[in-house]
Every structure is written in structure tokens, then in C-alpha cells.
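S.K.: First the structure, then my questions, so here it is.
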Amino acid sequence: MASHALKHEPLDTYNLRLIENLHPSGWVNPEPARRYNLVVIGAGTAGLVTAAGAAILGAKVALVERDFMGGDCLNFGCVPSKALIRSARAAAEVRDASRFGVEVPQGMRVNFPAVMERMRKLRADLSPIDSAERFRGLGVDVFIGEGRFIAPDCVEVDGKKLRFKRAAIATGARAAVLPIPGIVEAGYLTNETVFSLTELPRRIAVIGAGPIGCELAQVFQRFGAAVTLLEVAPQILIREDRDAAERIERALVRDGVELVTECKITGVERRGTERVIAADSAGGRAEIVVDEILIGVGRVPAVEGLNLEAAMIEYDKQNGIKVDDYLRTTNPLVYAAGDVASAYKFTHLSDAHARMILRNALFFGRQRVSRLTIPWCTYTDPEIAHVGLYAAEAAQRGIEVDTYTQELAEVDRAVLDGETDGFVKVHVRRGSDQIVGATIVASHAGEMISELTTAIAAGVGLGKLGDVIHPYPTQADAIRRAAGLYSRTRLTPFVARMMKRWFSLTR
Ligand SMILES: Cc1cc2nc3c(=O)[nH]c(=O)nc-3n(C[C@H](O)[C@H](O)[C@H](O)COP(=O)(O)OP(=O)(O)OC[C@H]3O[C@@H](n4cnc5c(N)ncnc54)[C@H](O)[C@@H]3O)c2cc1C
């Protein structure tokens, strides 16, 4: 394994199976072809989808991965985090069971080692689809090792030269680290190590209340740890609207998370087995004593080690590889996809980028990133999902909007489920029913947002959504009801007068 190697621990049967699929111990890199149609560096979602798609179309493809095939999503991201979120939801349901008239006489206890084992098993079960062996079976030359450019049309890995007609950089991102005095000496967890825990820390400080920080803070709190969530901004999930983020703040606090916003950490110190965080906030200066620190302060693109200068590819350490609207880098032979080339870092976007590259790099496609409609979701409970523009963004672009908000407290299914603290909010271009953006806070907002994403992508107006029959009772019916709020505004005083007249004439 490479020197910077990421690790999977413990080395139980599930992780051994995972490693054997994603970084096989006895793997022998093939002899390179004379020239490849496509060389892909990085075997996360973006790289895998690009490589598989090109190979299936008949291209000669090389795929280079230095750590684990599957990248962040499978190994250290979406998959393990969502497995834990499911267990945490189960724990919360049992904890709150009496609200539904269900008694749990023995009380509730989370078996943390079992939760983690379940996660490791499911991750291993999902791994064959991303495995080196499967990709070899697809006809892809899989190289395990660190890829670096040595010329504008050549990548080197493991001492072998891979010449290419086109290349795709899909090297992803890694956890950003804050320059807090003492943090390195004190030791901390990131998404690359937290899923290797086998014992539940008693007290955890989560630094950064972005999506990853919020999801994991809630998870660990629900498992029984005492979680302190520290955020420098005045609200959590800074990208989201204040009213939406507030609902999630409320949910976290209800679960018992100690939330400190506008918090500036001045230093960290190790005292025996404890870690002591010195922080300034509105409450004054405080020392927060914990057993583990988890950092979730964002992701930085993985550009180091690629020797991009040799291929005349421009980049910067903060924003990653510079690409145009077609995902082409400053070297016209080389494209970039996924986290390494995008401000939005999501698996589904990496997948969409990969499909664009197949068309743009291998054929004469002209697919543009700016045309994509990109939804996202943070999987707290409740979830918060968004697509399109926020009202503030629309204002910045000079787009006037009308906003229709349907509270879940008025939606029967949400009432019956006991999940009323949420809403569906839809922005339409003023004077039309064209949807320009939407935010949903709901138990399964991630599922619900697809209806609005489809509407935006297909140019279906909010008025039309009001005509769509939704099964009763569902929480998605809130979307139809938000559309109903829009339709009611069509009943102007003039139209109302005309209707009245019509009915008086036809009585
Ligand atoms: C905790 C967490 C939870 C997340 N949850 C979600 C979620 O619920 N939904 C969602 O959409 N997104 C989620 N994400 C984000 C998602 O994981 C990423 O957007 C996605 O993995 C990006 O895919 P990618 O292919 O661009 O990069 P990656 O998956 O990072 O893959 C890049 C690969 O390139 C390899 N590599 C790097 N440099 C080199 C080199 N020089 N040579 C060879 N190989 C190299 C790396 O080892 C890696 O395997 C989450 C992320 C985290 C951390």
C-alpha cells in the first residue's frame, strides 16, 4: 500500500473482505497498452463511472487508484455514515417510543460495537461492484499505485508509462484541517478514521457544523455520547437558509447535542487521555473537556502529487483543478470530474460529471456543467434538502421570486408520524410558475426533493405540480399543497369578480 495509505480498522472478516476487493494484496499491475483512449486517475465515483462507461463503449481504458477503489463514498463517506445514521434513527425511535404508546420496559442501550460491525458488513457487501476484479472483468486495465503526469499526454504509475489520447482526473478531496494550535499533538478524528472506532467515546467535540459535522454529531449523541458541536458561524449548515437551518438546530438540541455557534477555538491540549479545547464564544471563554475530537470543517481538493505542471494543467489548492463549462482542464486532452474540480462535493454530482466526460471527451459532446440541476441533502433527522437557487442567490442574480411555504404541521401524514417540525418552500420566478429553487426540511426530504428537481429539469411549473395527484396521506403531499398556495394567488380580485358573475348568470 502507498506510504500515505488510508486504513480500514479493525482487520476483521468484513474489512479484510473490503480490502481484498478494493486494494487486493496480491494485485499485479498489467503491462500498459501502447496508448489508451482514456486514462482515469482516481477510482472514486467519478473515476469508476467514467472508466466503466468508456470500457463498456469499447474504449481502451486504464484506471489508476492509490488507496481504495470506491473512493470516499464507499470507504469513508456516504456509505458508512448512512449506515450509522440508520442505526441512530433506530435508537431515537426506541428512545421516543412512548410518544407512540409503545413501552420499552427494559430501557434502551446502543451496542456500539454491533452498530459498527453492521456498518462494516454492509460496506463490505457493497464493495464488489467497485472492486478491482470487477473492473478487470469489464476490460479496464487497473493500476494500483499513485498516478502522476510526466507529460501532457502521459501518466506514470508504479514505474509504468500510460500514454493517452484523453485523460480524466478524478482524485477527489480530503478532509480539511484547521490550523488550531495543539490540534496535531492532541490527535483528532476525521472521516478517514472515525469509521474505524470500535468503542463509543464518552464525550466528543465535533468541530464544524457543516453536513458531515451535523450528521455525525447527531449520530454519536443518539448512540449515547455527550456531543459538543462547535461552529464558528452564527448558524449551522451555513449554506442553507436560516429558517431551515434553525429546524435542524432545534432537532440537534432536542437530541441533547450541546451546540456552540460563533465559537472561536484558540487551542487544544492533551491532558492524559482527555483533550481540552479552549474556545471563545458569546458565553465567554470556556474549556471543553472531551475524549475525542472529530473535525468536519470541509474538504479540500486532492491535487498534490499529481505533478500537474508537467501536463500544463492549472489548479489551485483551495478550488482544485480549473475546468471550463465542459469539464476540460487547461490541457485540452485532460478533463476533470467530481470533488477535485467542483465547489459542490456530492457523489451524485461526481456521477453526473463522469457521464458528461464520456460524451465530451470521447465523442463530440458539448454538455455543460452550468446546465445541471443539482439537488443535495443533509441526512440529519429531519433531513434538509435543497435544489436550485436560494432566495438570496436569486436576488443577487436580479431574479425576483415569490416564495410559497407549506408547513408540515398542516400536512396530515406529518402530524400522524409526529414529524411536524419541517416545511416545503418553493421559489418561483415572479409573475410565472417557473420553479427556480426549493428547500425541504422533512424526515425524508432527500426523497421528496427529487419531485422538485424533476420539475426544474423538465421545465414543469409549480402550477402543474398542483394538478399532480399525490397519494394520501404522504408527506410529499406538502409539495402539492405548496403548489396550491401558488394557485390561490391566481385568483386575483378581477378573476374572483368574473367567477362570481359567471355563477350568478348560470344559477
Ligand atoms: C462523511 C462523508 C459523508 C458523505 N455523505 C455524502 C452523501 O450522503 N451524499 C453525497 O452525495 N455525498 C456525500 N459525501 C461526499 C462524497 O463522498 C464525495 O462527493 C464523492 O466521494 C466524490 O467522489 P470523487 O470520485 O470525486 O472522489 P473520491 O471518492 O474522493 O475518489 C477519489 C479517489 O482518487 C484517489 N486518488 C487521489 N489521488 C490519486 C493519485 N494521485 N493517484 C491515484 N489515485 C488517487 C483517492 O485515493 C480516491 O480513491 C460524503 C463525504 C463524506 C466525507
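The values are calculated or read from the model by the stated rules, or taken from the named source; none is laboratory data. The shown structure was predicted, so the numbers you read here are calculated from the model rather than taken from an experiment. Cβ coordinates were reconstructed from backbone atoms using ideal geometry, including for glycine residues, and neighbour counts include every protein chain displayed.
S.K.: Do we have TYR315 as free of Cβ contacts under 8 Å to residues at least 60 places away in the same chain and either hydrophobic (A, V, I, L, M, F, W, C) or within 16 Å of the ligand (Cβ to nearest atom) (or both) here?
M.R.: Values: free of Cβ contacts under 8 Å to residues at least 60 places away in the same chain: yes; either hydrophobic (A, V, I, L, M, F, W, C) or within 16 Å of the ligand (Cβ to nearest atom) (or both): yes.
Criteria met by TYR315.
S.K.: Step by step: first the residues of segment 327-359, then only those that are hydrophobic (A, V, I, L, M, F, W, C) and in a strand (DSSP E or B), then the one that is farthest from the ligand (Cβ to nearest atom). Which residue is that?
M.R.: The first filter runs over segment 327-359 and keeps only residues hydrophobic (A, V, I, L, M, F, W, C), leaving 327, 333-334, 336-337, 340-341, 343, 346, 349, 352, 354, 356-358.
Then keep just the ones that are in a strand (DSSP E or B); that gives 334, 336.
Numbers: VAL334: 13, ALA336: 9 Å.
The extreme case among them is VAL334.
S.K.: In addition: If you scan segment 185-202, which residues turn out to be farther than 22 Å from ASP72 by Cβ and either free of Cβ contacts under 8 Å to residues at least 40 places away in the same chain or surrounded by fewer than 16 Cβ atoms within 10 Å (Cβ to Cβ) (or both)?
M.R.: GLU185, GLU199, ARG202
Per-residue answers, yes or no, for (1) within 29 Å of the chain's Cα centre (by Cα); (2) of a type in the set (S, T, N, Q):
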| position | (1), (2) |
| --- | --- |
| GLY437 | yes, no |
| SER443 | yes, yes |
| MET448 | yes, no |
| ASP467 | no, no |
| ARG507 | no, no |
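S.K.: Looking at this structure, is LYS464 more than 30 Å from PHE223 (Cβ to Cβ), among the charged types (D, E, K, R) and either modelled with pLDDT under 95 or surrounded by fewer than 16 Cβ atoms within 10 Å (Cβ to Cβ) (or both)? Working first, answer last.
M.R.: Values: more than 30 Å from PHE223 (Cβ to Cβ): yes; among the charged types (D, E, K, R): yes; either modelled with pLDDT under 95 or surrounded by fewer than 16 Cβ atoms within 10 Å (Cβ to Cβ) (or both): yes.
Yes, satisfied.
S.K.: Right, here's the next one. Of all residues in segment 325-347, count the ones that are of a type in the set (Lys, Arg) and closer than 23 Å to LEU162 by Cα.
M.R.: 1
S.K.: Here's something else I'd like to know. Filter segment 19-37 for residues that are small (Gly, Ala, Ser) and more than 32 Å from the chain's Cα centre (by Cα) and give the result.
M.R.: Within segment 19-37, GLY26, ALA33 meet the criteria.
S.K.: While we're on this one: Within segment 142-175, track down each residue that is within 14 Å of the ligand (Cβ to nearest atom) and of a type in the set (Asp, Glu).
M.R.: Correct list: GLU146, GLU156, ASP158.
S.K.: Further question on the same structure: So, in segment 376-423, how many residues would count as being in contact with an Asp or Glu (Cβ under 8 Å, 6 or more places away or on another chain) and in a strand (DSSP E or B)?
M.R.: 5
S.K.: Just one of the numbered conditions (1) more than 18 Å from ALA33 (Cα to Cα); (2) of a type in the set (Asp, Glu); (3) more than 10 Å from the ligand (Cβ to nearest atom) is not true of ASP130; which one?
M.R.: Among (1) more than 18 Å from ALA33 (Cα to Cα); (2) of a type in the set (Asp, Glu); (3) more than 10 Å from the ligand (Cβ to nearest atom), the lone unmet condition for ASP130 is (3).
S.K.: Can I ask one more? Only residues that are touching a residue at least 40 places away in the same chain (Cβ under 8 Å) and touching a Ser or Thr at 6+ places or on another chain (Cβ under 8 Å): list them for segment 83-111, please.
M.R.: Selection gives VAL110 alone.
S.K.: Moving to a separate point now. Six or more apart or on different chains, Cβ under 9 Å: which pairs go from a residue in segment 284-311 that's at positive phi and of a type outside the set (Lys, Arg) to one that's more than 10 Å from the ligand (Cβ to nearest atom) and in a strand (DSSP E or B)? Could you list them?
M.R.: ASN307/ILE150; ASN307/GLU156
S.K.: Find the residue count for segment 219-269, including only residues that are within 16 Å of the ligand (Cβ to nearest atom), within 16 Å of THR439 (Cβ to Cβ) and assigned to a helix (DSSP H, G or I).
M.R.: Counting residues in segment 219-269 that are within 16 Å of the ligand (Cβ to nearest atom), within 16 Å of THR439 (Cβ to Cβ) and assigned to a helix (DSSP H, G or I) gives 1.
S.K.: How many residues, within segment 433-450, are in a helix (DSSP H, G or I) and crowded, with 20+ Cβ neighbours inside 10 Å?
M.R.: The total comes to 3.
S.K.: In addition: Being touching a Gly at 6+ places or on another chain (Cβ under 9 Å), free of Cβ contacts under 8 Å to residues at least 60 places away in the same chain and of a type in the set (Asp, Glu) narrows it down to one residue among GLU246, GLU156, GLU146; which is it? Before the answer, list the steps.
M.R.: Details: GLU246 fails: touching a Gly at 6+ places or on another chain (Cβ under 9 Å); GLU146 fails: free of Cβ contacts under 8 Å to residues at least 60 places away in the same chain.
On inspection, the qualifying residue turns out to be GLU156.
S.K.: Now for a separate question. Which fully enclosed helices (runs of 4 or more DSSP H) of segment 1-86 have 2 or more residues being surrounded by fewer than 21 Cβ atoms within 10 Å (Cβ to Cβ), more than 8 Å from the ligand (Cβ to nearest atom) and not hydrophobic (A, V, I, L, M, F, W, C)? Steps first, answer last, please.
M.R.: Values: elements: 13-22, 45-56, 71-76.
Qualifying helices (runs of 4 or more DSSP H): 13-22.
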